[in-house]
Amino acid sequence: MGDMTNSDFYTKNQRNDSNHAGGFGCSLMELRSLMELRGTEAVVKIQEDYGGIEGLCQRLKTSPTEGLDGVATDLDKRKEVFGRNLIPPKKPKTFLQLVWEALQDVTLIILEIAALISLGLSFYQPPGEGSESCGAANAGAEDEGESEAGWIEGAAILLSVVCVVLVTAFNDWSKEKQFRGLQSRIEQEQKFQVARAGQVIQLPVADIVVGDIAQVKYGDLLPTDGILIQGNDLKIDESSLTGESDHVRKSADKDPMLLSGTHVMEGSGRMLVTAVGVNSQTGIIFTLLGAGGEEEEKKEKKDCSHPSSHPIATIATDGAASANAPGNTSLVNGKMQDGNMENNQTKVKKQDGAAAMEMQPLKSAEGGEADDKEKKKASVSKKEKSVLQGKLTKLAVQIGKAGLVMSAITVIILVLYFAIDNFVLQKRPWLPECTPVYIQYFVKFFIIGVTVLVVAVPEGLPLAVTISLAYSVKKMMKDNNLVRHLDACETMGNATAICSDKTGTLTTNRMTAVQCYVGDVHYKDIPDPSSIPPKTLEMLVNAISLNSAYTTKILPPDKEGGLPKQVGNKTECGLLGLVQDLKRDYQTVRNQIPEEKLYKVYTFNSVRKSMSTVIKLPDGSFRMYSKGASEIILKKCMRILNETGEPRVFRPRDRDEMVKKVIEPMACDGLRTICVGFRDFPADPEPNWEDENNILTELTAICVVGIEDPVRPEVPDAIRKCQRAGITVRMVTGDNINTARAIAIKCGIIHPGEDFLCIDGKEFNRRIRNEKGEVEQERIDKVWPKLRVLARSSPTDKHTLVKGIIDSTLVDQRQVVAVTGDGTNDGPALKKADVGFAMGIAGTDVAKEASDIILTDDNFSSIVKAVMWGRNVYDSISKFLQFQLTVNVVAVIVAFTGACITQDSPLKAVQMLWVNLIMDTFASLALATEPPTDSLLMRKPYGRNKPLISSTMTKNILGHGVYQLVIIFTLLFVGEQIFDIDSGRNAPLHSPPSEHYTIIFNTFVMMQLFNEINARKIHGERNVFDGIFRNPIFCSIVLGTFAIQIVIVQFGGKPFSCSPLDLEKWMWCVFLGLGELVWGQVISTIPNSKLRFLKGAGQLTQKDEMPEEEMNEDQEEIDHAERELRRGQILWFRGLNRIQTQIEVVNTFKSGTSFQGALRRQSSTTSQNQDVTNVSSPSHVSLCNALSSPTSTAAAPSGQC
């Protein structure tokens, strides 16, 4: 169905309308129009047309409690009638398109033109063939066979251009393919809980069908549209569709409509799936956007194919206005009657499009991919342009400019020399019959000029970055890092601070109850059930079994002898484990009171920090069970059950004693303390359940449980590595301060006796806020450098801390902060951080959405791997640069001086292209795929404004350059005497290739090959062969290049201007190449301190690079960005872009993809740079100005409202 155009889709569905498709009681169109309604209107419609939600379930042949029976035929039929839950992806670029794009390269175009002119002229035989009057021009062409071969050079150049283009296209193509793979991998990861045949199972999102009963819970990203059957305190963030930032309360009787792509911010519930894929709200928006393919034709077709009576425009407008109030809806209809339906539709289309784009990446079987691709491709220039790529682009442009100047001078000198020599000194007249011969000369000069330019421009740089990043990303998958944004990988190498969650990241997230305080006794181990008063035991078992999400279960282990599987909320699993340790079964209690019998549920959220469930007792009165952090629940307790199971008074004095005697000792053992309590309410008058403050008080405490979450065994070592690598690890947790400190000591985040801060959220806020309650940067600066543990922190605190560290100017290097998070409320902090890590297992969809890297095993030690890979990318690029610049410098100088002194470049165009190919493409492959080593973690981070080319590298580049130039010039000017051969200098046009110049070319390539081995080390290490066999790609490329070089020299003949060499000369060439390795040792002996001027050289690049980069980011970026942005997409994006900015500002943090992502996208198109400061990558400093005023104040609360 992927390729089925929309028009077919509609016609098919209209056909279905007539006979109520496939025996279901309602058609696709009816369901679609039903999903456009909101609020009470929807409730009335469902009641009137379908006889309530039960009636709708009957028509869709499903049971509200059991779900579908899961028979394959039934599922297939549903997919056929109502569609599948996937949005067809955009077609990938074909290989030919990529080839065409590669051909757009300016230098290649110049070369092609030059080659064509050269070809044309070689076929043209001037009439004055024999006349001597054209002077030197014809001297070499006596031999007939030779003049025939004039076309070879042109053809060879064209051939090499073809090679370069194919290689580039192939690289792009494989990159694209990797992205697709990555994207689909991300999508397969997203599963959703669905009831089938009474069993709740996890299904991949693509397999959900209309009629399924899905369980929604806190943190989910809804994969389909649906109608709420039963909900507890459900609040949805619909900003991704409507731009409304307030959370919308959903309930079965007031507003049951749940829309795909929205986020569950609180509560839980069950919904009946009513629309999937292209027919869900998100899907409709995508169809309008044309994400499903050729947008324009399709829309035309669609508009003709179905009569406008079918309200696709309404769908769109409604999607935007998404009226929560009936008033709003009528306004939409008003607009509709307005007559400018078309215009209306386009307006909305754009707006929703933007919204849809926000929320896409983790959704729909392939939909996300399609337009994540869009986003990736179009904003690749900006979004993927990290610090490193900024520096590189800048460098490439500078080198390119220099190359252009050099090549222009070369051409001018050659032409002038020729003209003066021929027409002034030898006083020859310009004869018309000689014109073609002269032109041929000028074309040859032009080609030499272009060759200099080709060699000077390091087009291998972007390639090297791409290869290196792509390679790293692929390998990082094996290290449990799923990278969502390429640049995150490299930013990670510069990280200076990691703010980590405790639960699940530093610890195993397998909660087990190990101590408890019940019936006035503090048990250090779980007691025997007989020693607990029966009344208390009964109460405790009920309180735990009922007052926890019914989706939380403890399942038997997968493997024999393994640990039982914990599903759902891990803290609740620990409590259910306690019930099992007390030889009771929680399932029997739950079966007596199924979920729909629960009278009222106050779900856990970051404000309440507790969860309560109300049940109706047989006599009509109510009982509420509560559980939560012990200090919070105990404050609300007035009584406590004593040793006989009777309540006794519990005074503040008792509470303080209990904290001292029970809770603090538990916390100091690193246990999380949970208090369980209850309260009874009379049947009459029924309490006002909405008035939480009066409900959640006067509790009776049943017990306090100490739950242990052991530290992961590999974490202390990982943290030691981080500290050695100059990265500060801070723990930010919701647990109490004692537990947090105990775990931090176990992990090695703090060491006893050090000067550090462990504070809780209250104290943190007291220290960083002024009298008016505003956060002040200088106050944060006093706190963060010593802060190691922040306990009892709210999501806002986390965000404030991250923002404070990033904006701090205390240290000369701006801090680069990585943050881990798993909860929905971590979204803002994950987006604000330079690199956000989301948990792959425990993480909610919202957190994954906001993150840059997903840790597939939730393990802190994977973060250390990410740091290693990030540093490795940086080093790989430096290695490549060192190699590339040496070649560039040498080749340009040789071609330039050679041309000026001998009127002919010693290195011919085709040879230059071959050198260009080995140094660009192959070298980038060889050097960019070096595997990382542990030694990378032995040094401090480079920092954001360290120059790309360090002083050691400058020393190597200049040193090797000098060696190569000396050798080549020696060979050029006295080579014929050394080897006793004919000189190749001043050879006439079309003369056969000389051994002399072949030796120069061969020696040059040999030196590059051995220098490539030198380039493997950039920190001045001695042993350049260290670990060379761990990189098979490197070895095979060096050997392969060597083999091809032999073929070129021995059999290349005329096209490569080579004449075969005998063994002795080959030995000399290899010997001179080997000299590079010896010379490399000599260079590394010279200490950097002796070379004062190098410091200047290194610094100089920094001066050019950094400050300007900050200021000119804009202009600089745009001209590359413009080149890279594919023309069509620019237009497509401009439309989206305007709206994105508007929606973004409303949405601040809540949009699906990151706020910065949007800003970055926004700045990547030139269409408008006025209203958002330009931000080039998540790590860019200028973000703070953009966010400072309206959002930073508003954003904090918005994370948790």
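The values are calculated or read from the model by the stated rules, or taken from the named source; none is laboratory data. Fair warning: this is a prediction, and the values are worked out from it, not measured in the lab. Neighbour counts run over all protein chains shown; Cβ positions are idealised from the backbone, glycine included. Ligands, DNA and RNA are excluded from the accessible area calculation, which covers all protein heavy atoms including side chains. Shrake-Rupley method; radii C 1.70, N 1.55, O 1.52, S 1.80 Å.
Which one is nearest to the chain's Cα centre (by Cα) among residues in segment 489-518 that are closer than 16 Å to Arg720 by Cα and in a loop (DSSP other than H, G, I, E, B)?
Out of the qualifying residues, it is Ala495.
Picking from Ala850, Ala833, which residue would you name as being under 14 Å from Arg484 (Cβ atoms) and modelled with pLDDT of 85 or more?
Result of the check over Ala850, Ala833: Ala833.
Among (1) open to solvent by 10 Å² or more (accessible area, probe 1.4 Å); (2) assigned to a helix (DSSP H, G or I); (3) farther than 30 Å from Pro204 by Cβ, there is one condition Asn825 misses while meeting the rest; what is its number?
So the condition that Asn825 fails would be (3).
Would you please name the residue that is farthest from Asp709 (Cα to Cα), looking only at residues in segment 484-511 that are β-branched (Val, Ile, Thr) and surrounded by fewer than 24 Cβ atoms within 10 Å (Cβ to Cβ)?
Thr496
Would you please name the residue that is farthest from Asn872 (Cα to Cα), looking only at residues in segment 991-1043 that are open to solvent by 50 Å² or more (accessible area, probe 1.4 Å) and touching a residue at least 60 places away in the same chain (Cβ under 8 Å)?
Of everything passing the filter in segment 991-1043, Pro992 is farthest from Asn872 (Cα to Cα).
Could you go through segment 398-410 and let me know if any residue there is crowded, with 18+ Cβ neighbours inside 10 Å and touching a Phe, Trp or Tyr at 6+ places or on another chain (Cβ under 6 Å).
yes
If Ser530 satisfies every condition in (1) modelled with pLDDT of 90 or more; (2) out of contact with any strand residue (DSSP E or B) (no Cβ under 9 Å at 6 or more places or on another chain) but one, which is the exception?
Condition not satisfied by Ser530: (1).
Could you please let me know if Thr921 is surrounded by fewer than 23 Cβ atoms within 10 Å (Cβ to Cβ), in contact (Cβ under 8 Å) with a residue 12 or more places away in the chain, among the polar types (S, T, N, Q) and outside any loop (DSSP other than H, G, I, E, B)?
Yes, satisfied.
I'd like the residue in segment 538-560 that is touching a helix residue (DSSP H, G or I) at 6+ places or on another chain (Cβ under 6 Å) and at pLDDT below 90 and, out of all such residues, is surrounded by the fewest Cβ atoms within 10 Å (Cβ to Cβ).
Per the stated criteria, the residue is Tyr550.
Return yes when Ala842 is open to solvent by 20 Å² or more (accessible area, probe 1.4 Å), touching an Asp or Glu at 6+ places or on another chain (Cβ under 6 Å) and either over 30 Å from Leu948 (Cβ atoms) or modelled with pLDDT of 80 or more (or both) and no when it is not.
Yes, satisfied.
Going through Glu1113, Glu1076, Glu1117 one at a time, which residue ends up being charged (D, E, K, R) and modelled with pLDDT of 50 or more?
Glu1076
What helices (runs of 4 or more DSSP H), lying completely within segment 566-680, carry at least 2 residues that are in contact with a strand residue (DSSP E or B) (Cβ under 7 Å, 6 or more places away or on another chain) and open to solvent by 10 Å² or more (accessible area, probe 1.4 Å)?
Correct list: 570-581.
For residues in segment 892-908 being in contact with a Leu (Cβ under 8 Å, 6 or more places away or on another chain) and not β-branched (Val, Ile, Thr), which is surrounded by the most Cβ atoms within 10 Å (Cβ to Cβ)?
The extreme case among them is Ala895.
Report every pair of residues separated by at least 6 positions or lying on different chains whose Cβ atoms are under 8 Å apart, first residue within segment 841-855 and more than 20 Å from Thr508 (Cα to Cα), second in a strand (DSSP E or B) and open to solvent by 10 Å² or more (accessible area, probe 1.4 Å).
none
Could you pull out every one of the helices (runs of 4 or more DSSP H) wholly within segment 733-822 that has 2 or more residues that are open to solvent by 10 Å² or more (accessible area, probe 1.4 Å) and farther than 21 Å from Phe860 by Cβ?
761-768, 777-783, 795-807
Between residues in segment 631-648 that are hydroxyl-bearing (Ser, Thr, Tyr) and residues that are in a helix (DSSP H, G or I), which pairs lie under 8 Å by C-beta distance while being six or more apart or on different chains?
Thr644/Lys535
Identify all residues within segment 210-230 that are assigned to a strand (DSSP E or B) and open to solvent by 10 Å² or more (accessible area, probe 1.4 Å); write none if there are none.
If the condition is that a residue be assigned to a strand (DSSP E or B) and open to solvent by 10 Å² or more (accessible area, probe 1.4 Å), then Gln215, Lys217, Ile229, Gln230 are the ones that fit.
Condition check: in contact with a Phe, Trp or Tyr (Cβ under 9 Å, 6 or more places away or on another chain) and open to solvent by less than 40 Å² (accessible area, probe 1.4 Å). Does Asn422 satisfy that?
yes
Residues are listed down the side, and each one gets a yes or a no for (1) crowded, with 18+ Cβ neighbours inside 10 Å; (2) modelled with pLDDT of 80 or more; (3) outside any loop (DSSP other than H, G, I, E, B); (4) in contact with a helix residue (DSSP H, G or I) (Cβ under 9 Å, 6 or more places away or on another chain):
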site	(1), (2), (3), (4)
Ser33	no, yes, yes, yes
Leu37	yes, yes, no, yes
Thr40	no, yes, yes, yes
Val44	no, yes, yes, no
Gln47	no, yes, yes, yes
Gly55	no, yes, yes, yes
Gln58	no, yes, yes, yes
Lys61	no, yes, no, yes
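Within segment 845-870, count every residue that is surrounded by 24 or more Cβ atoms within 10 Å (Cβ to Cβ), under 15 Å from Thr728 (Cα atoms) and not hydrophobic (A, V, I, L, M, F, W, C).
Here the count works out to 0.
Would you pick out the residues in segment 388-397 that are among the charged types (D, E, K, R) and open to solvent by 10 Å² or more (accessible area, probe 1.4 Å)?
Result: Lys394, single match.
Within segment 447-465, is there a residue that is touching a Pro at 6+ places or on another chain (Cβ under 9 Å), outside any strand (DSSP E or B) and surrounded by fewer than 24 Cβ atoms within 10 Å (Cβ to Cβ)?
No; the residues of segment 447-465 include none that is touching a Pro at 6+ places or on another chain (Cβ under 9 Å), outside any strand (DSSP E or B) and surrounded by fewer than 24 Cβ atoms within 10 Å (Cβ to Cβ).
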